[in-house]
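The values are calculated or read from the model by the stated rules, or taken from the named source; none is laboratory data. These figures come from a predicted structure and were not determined experimentally. Cβ placement follows ideal geometry from the backbone for every residue including glycine, while neighbour counts extend to all protein chains displayed.
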Amino acid sequence: GNSVTQMEGPVTLSEEAFLTINCTYTATGYPSLFWYVQYPGEGLQLLLKATKADDKGSNKGFEATYRKETTSFHLEKGSVQVSDSAVYFCACPNAGNMLTFGGGTRLMVKP
Amino acid sequence: NAGVMQNPRHLVRRRGQEARLRCSPMKGHSHVYWYRQLPEEGLKFMVYLQKENIIDESGMPKERFSAEFPKEGPSILRIQQVVRGDSAAYFCASSPPSGFETQYFGPGTRLLVL
C-alpha cells in the first residue's frame, strides 16, 4: 500500500528561521498528499494538501510542492514563529479510504 | 458549521472496565474514521464506517474493540475490559461522501487506564 516517511524530530529553530520538514512517499499512482498539524493537547488540523503531481499546497505561510521526480512533499516556511511549535504529520490516502501517517516531526521554535 | 465533536475529552478507566468513546461528524459528512495515537507515535487507522455499516475494520484489534455508526446519533468506539496498553489518544475524523480523501479530525479522547 501507499506510505509516507518523514524526518524524525525534534527540530529546534529560532524565531524567523527557515523551516524544512522532509516527507517522501511510496505510492501506486499519484494520490493526494497532506500535511496535518497537531498543537499540544489538540487534534489534527489539516494544514495543506496537494491533489496531483506538481501541485503546490499553501496555508498560513507554509508551502509544500508535490514532486513526482523525487517522490517528495517537503513542508517549508520562510520565517517560523513561536506559535508554530507543534507536531507536523505528512499523510497520504490508502486503500479503503484510510489515511496513512508519517511518524510526526516535533517542531520547537524558540524566541 | 461545527467541526467534528468527540466526547469525553478525557476518560479514566480501571483495568477490566469498559470505555465508550463518542464521535459526531461534521454536518453533511456520512463517513467516519477512528484512529489511535499511542504516546509519541503517529496515528494508526482503526476502522472506517458509514451510516449503519462497517466498511473497513482492518486496523482494529479483533478482541475487545467494536465500533458502530447508527442511523441516528454519534459513532461509538467501544473497548471492553480495558488494559493498560489501551491508554492512548483516540481520534475520530469525518469526510463528505464526495471527498473521502480529505478528512477532518476531532479533538480526540485521551484514555488513561489505571
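A few comments on the model shown:
- Annotation: of all residues in segment A:48-94 being within 14 Å of another protein chain (Cβ to nearest Cβ) and among the basic types (Lys, Arg), the one that is farthest from A:Thr5 (Cα to Cα) is A:Lys52.
- For A:Asn59, the conditions (1) touching a helix residue (DSSP H, G or I) at 6+ places or on another chain (Cβ under 7 Å); (2) modelled with pLDDT of 90 or more are fulfilled apart from (1).
- Segment B:56-68, subset away from chain A (no Cβ under 14 Å) and in a loop (DSSP other than H, G, I, E, B), residue nearest to A:Pro93 (Cα to Cα): B:Pro61
- Qualifying residues in segment B:70-98 (those that are assigned to a loop (DSSP other than H, G, I, E, B) and within 14 Å of chain A (Cβ to nearest Cβ)) - the one nearest to A:Gly104 (Cα to Cα): B:Pro96
- Residues that are surrounded by fewer than 22 Cβ atoms within 10 Å (Cβ to Cβ) and touching a strand residue (DSSP E or B) at 6+ places or on another chain (Cβ under 8 Å), drawn from segment B:96-110: B:Pro96, B:Pro97, B:Phe100, B:Glu101, B:Thr102, B:Tyr104, B:Pro107, B:Arg110
- Complete set of residues in segment A:28-45 that are in a loop (DSSP other than H, G, I, E, B), under 11 Å from A:Ala86 (Cβ atoms) and touching a residue at least 40 places away in the same chain (Cβ under 8 Å): A:Tyr39, A:Pro40
- Condition check for B:Pro39: modelled with pLDDT of 90 or more, in a loop (DSSP other than H, G, I, E, B) and either away from every other protein chain (no Cβ under 11 Å) or within 17 Å of B:Pro97 (Cα to Cα) (or both): no
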